[in-house]
Amino acid sequence: MIYGFEMSEQISKQIYVSAIDIGTNSIHGIIASMDAKGAMNEISRDKESIRLGGSMINRIISDKALAAATDTLKRFKKEADKHSAVIKAVATSAVREAENRDVFVKHIRVHTGIDVQVISGEQEGLLIYKGVNYAFPIFDFSTLIIDIGGGSTEIILAKKGEIIFLDSLKLGAIRTSNQFFKEFVTDEKSIQKCKNHIKQTMENSVKQIRELGFDFVVGTSGTIQALGRIVLFSKRNTSPGFLNGITINSMDFYKLFSKIELLDSPEQRALIPGIDLSRADLITAGELILQNFLNELSIPKMLISSYSLREGIIIDTFEKLSINNRNFKI
């Protein structure tokens, strides 16, 4: 039993949910069910790096990116239909800021049959919290959750199951790279400008978090997991695909940050042992965002969660089903 609801055995075995996250960097999808005790059973996971945020000129999603997103979502829809899954698709930073967001949503609905919900940063943060809260027993603690995405960074501070602070910052691996690093090439001057911008953008949020305090920190999503994998590879000469529950010391992160900042080009960064090659161009902007959190909040270590927005969508959907469907036990 999770989040105060439970399901009958019959219904829990019949219902699958396909959670689709249309992000700034990638489109992710998972299909899962939940058993009568609230345990998630994942049966399918897929990902495609579309980079909607990277395609945008004057806040317009390009036709090429729209076509690629459509093809990906057709594939996700086909997989969901195999399991008669309830599809819940959300779009985050890139789509919510796009001038042609309505065109995007309509095109996807017409050509794939998927209704996309464009969510706010606050809604995104709430779903992230639900995903992390499923992964770890954090209910009784004051927990700071940091989720660095492609277009935005969500910060959630929760205590006793209540979110006491939530902010969505216009900082992300793609957005920040595009602002400061032309063709993803860095130098000392551009890195310093980027650091100043990140610090200024986070300033108010950092101040409030300091005042509220926290017991420990959880990092989630692609950027933080990619950095965590590199750290683990440097120690073990291998890193697990699933990082959930692994703790990384900040000093190990700092050693990696110094190394990344000496590498000017994506080609150089692609040679870092353990790096996800698809993130070699974005990793500098991502580490600078994380670095500022560690600096400003004096974070000694970080617990990595492999559960985030997509799992939060699964949890949220089953919560709603439990309320609206008489076959679910409340």
Please compute the net charge surrounding Thr317, taking Lys and Arg as +1 and Asp and Glu as -1 over other residues with Cβ under 12 Å from its Cβ.
+1
Gln179 neighbourhood, Cβ < 11 Å, K/R = +1, D/E = -1, net charge +4
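Among Ile191, Ile87, what's the order by accessible area (1.4 angstrom probe), most exposed first?
Ile87, Ile191
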Counting only protein heavy atoms and rolling a 1.4 Å probe, one gets per residue an accessible area for region 222-320 in Å² of 38
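Whenever you get a sec, compute what percent of the accessible area on region 8-78 sits on carbon and sulfur atoms (1.4 Å probe).
Whole-percent figure for carbon plus sulfur exposure: 49.
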On the full set of protein chains, 1.4 Å probe, figure out the accessible area of Ile275 and give it in Å² to the nearest 10.
20
In terms of the charge dipole of the chain, which places +1 on Lys and Arg and -1 on Asp and Glu at the beta carbon, the residue among Ile57, Ala67, Ile224 farthest towards the positive end is Ala67
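If you roll a 1.4 angstrom probe over the protein chains with everything in place, what fraction of the accessible area of region 98-224 belongs to carbon and sulfur, to the nearest %? Numbers along the way, then the final one.
Values: 2820 of 5970 Å².
C and S atoms contribute 47 percent here.
Put Arg210, Arg279, Arg101, Arg51 in order of accessible area, largest first, 1.4 Å probe: what do you get?
Ranked from most to least accessible, the order is Arg210, Arg101, Arg51, Arg279.
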Starting from the residue with the highest accessible area, list Glu203, Glu183, Glu79 in decreasing order, probe 1.4 Å.
Glu183, Glu203, Glu79
Between the residues Asn178, Leu126, Ile209, the Cα farthest towards the positive end of the dipole of region 124-240, that dipole coming from +1 and -1 charges on the beta-carbon of Lys, Arg, Asp and Glu, is from Asn178
Using alpha carbons only, how many degrees (0 to 90, rounded to 10) separate the axis of helix 250-261 from the longest principal axis of the chain?
60
Rounded to the nearest 500, what is the 222 nm mean residue ellipticity of the chain from helices alone, with -39500 (n - 2.57) per DSSP H run of 4+ residues and division by all residues?
-15000 deg cm²/dmol
Per residue value of the accessible surface for region 56-108 (all protein chains in place, 1.4 Å probe), Å²:
54
From largest to smallest, what semi-axes in whole angstrom does region 132-210 give when each is the square root of 5 times an eigenvalue of its alpha carbon gyration tensor?
30, 14, 9
Return the Cα extents of region 35-189 along principal axes one, two and three, sorted largest first, each rounded to a whole Å.
50, 45, 25
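Using Cα pairs closer than 8 Å and at least 6 residues apart in sequence, work out the relative contact order for region 122-163, in percent.
This gives 38 percent for region 122-163.
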Filter Lys189/Lys255; Lys47/Lys82; Lys189/Lys235 down to the pairs with a C-alpha to C-alpha distance above 22 Å, please.
Lys189/Lys235
Region 142-279 shape via C-alpha gyration tensor axes, a/c threshold 1.5
oblate
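Kirkwood hydrodynamic radius for region 177-239: how many Å is it when counted over pairs of different Cα atoms?
Over region 177-239, the inverse of the mean reciprocal pair distance is 14.6 Å.
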If one compares the long axis through the Cα atoms of helix 63-82 with the longest principal axis of the Cα atoms of the chain, the angle in degrees, nearest 10, works out at 40
Report the antiparallel proportion of the DSSP beta bridges in the chain as a percent, rounded to a multiple of 5.
65
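The values are calculated or read from the model by the stated rules, or taken from the named source; none is laboratory data. As the structure is a prediction and not an experimental result, all values here were calculated from the model. Using ideal geometry, Cβ is built from the backbone for each residue, glycine included, and neighbour counts are taken over all protein chains shown. Accessible surface areas use protein heavy atoms only, side chains included; no ligands, DNA or RNA. Shrake-Rupley method; radii C 1.70, N 1.55, O 1.52, S 1.80 Å.
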